[in-house]
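Quick notes on the structure that follows.
Here, each number is a calculation from the coordinates, and none is a lab measurement. Quick caveat, the model's predicted, so the values are computed rather than measured. Here the Cβ is made from the backbone with ideal geometry for all residues, glycine too, and neighbour counts use every protein chain on show.
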Amino acid sequence: MISIKVPTVGESITEVTLLKWTKPEGAWVDRDEVIAELESEKATFEVNAEQAGTLHHKATEGDSILIGDILADIDETAAKPAGEAPKAEAAPATAAPTTSSATSSAPVTSVPNNVKATPVAAAIIADKKVDTNQIKASGFAGKITKVDVLDALNNPGKIQFAGQELFSRNVRPEKMSNLRKTISRRLVEAKNTTAMLTTFNEVDMTGIMQIRKQYKDKFKEAHGVNLGFMSFFTKA
């Protein structure tokens with residue numbers, strides 16, 4: 001029995017997360033075949049089988065594993081299973097004859113009996129499942145027109161759909177990966193250790209500018225560089 005341990009991936013990394021097994025429990029694996037994917041706080045990497053044999057998991061997907069811990073065992077004494085016999089090709093299914101009829105191709109235009117609507121408007125109402133109570137009719141004798149339906153569709157806050165919801169607001173908790181944990185930790189550290197501000201200081205530079213103008217030529221002749229303002233700032 002050979003134990004596959006979590007390899008060292010960096011000096012500062014002490015644990016990794018098992019993302020997924022690429023080989024199921026009890027499966028035969030060949031040497032150097034990828035058996036799992038691990039994630040550290042810096043990168044994602046693969047783990048290969050050191051020997052051929054039967055794989056036995058020692059951790060489940062999503063677990064945090066310390067560097068050097070046993071990830072899986074490989075039984076190299078197990079016999080490789082015989083290959084499966086090739087499956088007979090299934091005969092192609094005979095396509096059922098298609099029949100076209102006026103009723104199957106015609107759009108559904110069912111609306112409540114007490115609602116008056118033009119044929120086009122009724123077709124849109126049936127197709128989009130629009131609540132007719134939320135449509136303001138502008139046609140003759142209170143009849144709903146195509147424009148009325150389109151106006152209601154363009155203002156979803158004013159209508160209600162009788163069919164399936166357009167989107168879901170379901171929330172599902174999901175475990176943060178090591179990469180996201182590291183990013184979050186570094187952002188908080190930067191916020192706590194970096195001065196997130198800007199300061200403005202107003203200074204009367206008249207005297208310094210006069211001194212610079214008076215001595216800049218002599219300074220350059222003596223030292224070979226221009227006399228800038230940084231020297232005055234440093235002195236101050």
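Among 58-69, 16-27, what's the highest-first ranking by average C-beta atoms within 10 angstrom per residue?
With the highest mean Cβ count within 10 Å placed first, the list reads 16-27, 58-69.
Under 23 Å Cα-Cα from LYS235, which lysines qualify once same-chain neighbours fewer than 8 residues away are excluded?
Answer for LYS235, where 23 Å is the Cα cut-off: LYS213, LYS216, LYS218, LYS220, listed by chain and number.
Test of understanding: ordering VAL34, VAL115, VAL203 by Cβ neighbours within 10 Å, fewest first, what list do you get?
Fewest-to-most Cβ neighbours within 10 Å comes out as VAL203, VAL34, VAL115.
Could you name the lysines whose alpha carbon sits less than 27 Å from that of LYS191, not counting residues in the same chain fewer than 8 places away?
Correct list for LYS191: LYS42, LYS175, LYS181.
Based on alpha-carbon atoms only, what is the radius of gyration of segment 2-75 relative to the globular estimate 2.2 N^0.38 Å? Let's see the in-between values first.
Details: Rg = 11.4 Å, N = 74, 2.2 N^0.38 = 11.3 Å.
Taking the Cα Rg and dividing by 2.2 N^0.38 Å, one obtains 1.01.
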